[in-house]
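To start, the structure itself, in structure tokens.
The values are calculated or read from the model by the stated rules, or taken from the named source; none is laboratory data. Note that the structure is a prediction, hence the values are computed from the model and not measured. Virtual Cβ from ideal backbone geometry, glycine too; neighbours counted across all protein chains shown.
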Amino acid sequence: MRLKGRVAVVTGGSRGIGRAIALALAEEGAAVAINYQRNEASAKEVVQEIERMGGRSGDIFQADVSDPAQVLRMRGAILQRFERVDILVNNAGINRDKSFINMDYETWKAVVSVDLDGAFHCTKAFVVAMKARGYGRIINISSVVGQTGNFGQANYAAAKAALLGLTKTLAKEFAPKGVTVNAVAPGFIETEMVTGTPDEVKEKVLAQIPMHRFGKPEDVAKAVVFLASDETSYITGHVLNVNGGLYV
Ligand code: NDP
């Protein structure tokens, strides 16, 4: 129960890595606001899982994180339900892969507006109150692809690399105010984002991972819980790799 009494927001908490993060934060005692965009049934199912743990609370909050007005509406609803937010996990993300030659501006913008702008809007929404209270934990879910680049992922890699720049800058800006800002950079994790990849591509990726396996959402969730805990009050601006050795 390292997070007992804390309130966390997980964007994109309805599926995949976000779902595992929401469950892991709840397991440690945090009340969890689960943001989703479309998949209400999956978000509700995460809340049911949290309630099954006993003595924990969670609730669902619909918003497209790329839309600042929707994020502000979500903030109002979350504050009404939980009164404050201590932990923000900017996890919502999409990919729309195309080689750069075939990538039109719409495809570029679609990814950047969710993966990067979404973190901007959500951080804007919650950081002011964190700063005023002198406590906060912001964790941005980047990607190994933001560190290495990847064929066909110019939009995604650019957004995920920019998240690291955002993380380091905000770490410096908020360090005197008790708000830490860190990033987790997962490698290839078994979620719908990866299971849709063609088998031959998966084989090529696996061959490059020193641990010879894809990660599990729970591997990422454990890193997030660590960065969300009080134990990490002197860690800020860090990028925690969870990638089986793929990039070191
Ligand atoms: P999934 O596709 O499994 O889940 C994506 C989640 O994001 C869903 O909860 C979805 O909600 C939500 N979402 C998507 N768009 C929006 C939006 N505009 N507003 C609010 N919520 C949105 O993805 P993963 O779990 O695989 O990825 C989670 C994060 O981890 C992403 O940022 C991704 O880039 C990153 N990552 C993933 C890796 C992997 O290998 N899987 C590797 C490295 C990083 P809904 O259910 O309503 O659609």
(message) Among the numbered criteria (1) touching a residue at least 40 places away in the same chain (Cβ under 8 Å); (2) more than 9 Å from the ligand (Cβ to nearest atom); (3) of a type outside the set (Ser, Thr, Tyr), which one does residue 160 miss?
(response) (2)
(request) Considering each of 119, 132 in turn, give the residue that is surrounded by fewer than 21 Cβ atoms within 10 Å (Cβ to Cβ) and small (Gly, Ala, Ser). (result) 132
(request) Could you tell me which residue of the stretch 49-99 is surrounded by the most Cβ atoms within 10 Å (Cβ to Cβ), considering only residues that are among the polar types (S, T, N, Q) and within 15 Å of the chain's Cα centre (by Cα)? (result) 90
(request) Within the stretch 35-94, track down each residue that is basic (Lys, Arg) and either modelled with pLDDT under 95 or near the ligand (Cβ under 9 Å from one of its atoms) (or both). (result) 38, 56
(message) Which count do you get for residues in the stretch 152-189 that are within 14 Å of residue 95 (Cβ to Cβ) and among the β-branched types (Val, Ile, Thr)?
(response) 1
(request) Look at the stretch 19-34 and say how many of its residues are touching a residue at least 60 places away in the same chain (Cβ under 8 Å) and within 12 Å of the ligand (Cβ to nearest atom). (result) 3
(message) Tell me whether the stretch 187-197 contains one or more residues that are within 14 Å of the ligand (Cβ to nearest atom) and among the acidic types (Asp, Glu).
(response) yes
(message) Quick check on this structure: which one of 150, 102 is away from the ligand (no atom under 15 Å from the Cβ), surrounded by fewer than 18 Cβ atoms within 10 Å (Cβ to Cβ) and without any contact (Cβ under 8 Å) to a residue 12 or more places away in the chain?
(response) 102
